[in-house]
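For reference, the structure is listed below as structure tokens.
The values are calculated or read from the model by the stated rules, or taken from the named source; none is laboratory data. Source: prediction; values computed, not measured. Note: ideal-geometry Cβ built from the backbone for every residue, glycine included; neighbour counts use all protein chains shown. The protein model used for the area step is the full one, side chains on, heavy atoms only, and it has no ligands, DNA or RNA in it. Shrake-Rupley method; radii C 1.70, N 1.55, O 1.52, S 1.80 Å.
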Amino acid sequence: MADNRSRTAKAPLVPVALILFTAFVLSACVQSKTPLLVGSKPLLGVQFQLNLYQDFTEGKALSVKTSVFRWNDTHYSLVSGDSSGVKDVVIQPFDDNFLIEAIYENDNAYLLGRKLAKGTYRILPIEQDDVDEATRSRTCATRNSVICVVQTRQQLDTFVRAAAARTAGYIMVGVISAAAR
């Protein structure tokens with residue numbers, strides 16, 4: 001019985017610890033106030049479904065979100081599902097990866113998608129901590145401990161190149177599939 005109480009007492013700490021860890025990991029993101037990815041094409045077809053797996057523990061995703069996006073001449077717009085506040089998405093090739101601009105209400109956050117297998121991508125947030133302090137000071141238009149705001153594509157690319165070199169850190173896995181029309 002002591003074992004059961006011990007396990008029960010520890011169980012609520014796991015989600016709280018996970019939430020705190022996620023907040024910490026995503027706390028150094030790179031954003032812009034205006035979209036920086038322009039001239040995009042529908043790289044993933046006219047419409048796609050995204051199954052986003054995140055918060056991995058022992059090789060299993062604790063969180064899965066499904067959303068459908070449709071191309072509307074300049075970007076993909078959310079049609080249905082849970083996108084955690086993302087209304088639109090722009091995707092462009094960047095070397096052998098995809099650069100993703102996730103458009104929220106008044107902010108644009110940046111992610112890097114690395115192909116793992118056909119239709120499956122490792123998605124990493126672009127973080128200000130990917131570069132050294134001198135580069136952050138020189139490159140961020142404004143910043144605090146949580147967000148680095150960039151204003152130009154050149155500034156963004158500085159962080160994207162650094163993120164592309166990163167091999168560890170918080171990950172999400174996105175599985176792209178055709179969506180029913």
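Before moving on, here are some points about what is shown:
- Close amide H pairs (under 5 Å, H built 1.01 Å from N) link Val79 with Val68, Phe69, Arg70, residues at least 5 positions away or on another chain.
- For Tyr121, the solvent-accessible surface computed with a 1.4 Å probe is close to 30 Å², ligands and nucleic acids excluded.
- Portion, in percent, of the accessible area of region 70-156 that falls on carbon or sulfur, probe 1.4 Å: 48
- Extension gain from Ser177 to Thr120, taking 0.36 nm per residue of separation minus the Cα-Cα distance: 19.6 nm
- The trypsin sites (Lys or Arg not before Pro) of region 104-150 that meet both conditions, a loop assignment by DSSP and at most 15 other Cβ atoms within 10 Å of the site Cβ, are Lys118.
- Charge dipole magnitude, Cβ of K and R +1, D and E -1 - region 46-125, Cα centre, debye nearest 20: 340
- Applying 1/(1 + (r/R0)^6) with r as the Cβ-Cβ distance of Asn144 and Asp107 and R0 = 22 angstrom yields a FRET efficiency of 0.95.
- In the context of the full protein assembly, Leu44 retains an accessible surface of approximately 40 Å², using a probe radius of 1.4 Å and ignoring ligands and nucleic acids.
- Of the residues Ser77, Ser84, Ser32, ranked by 1.4 Å probe accessible area with the largest first, the sequence reads Ser84, Ser77, Ser32.
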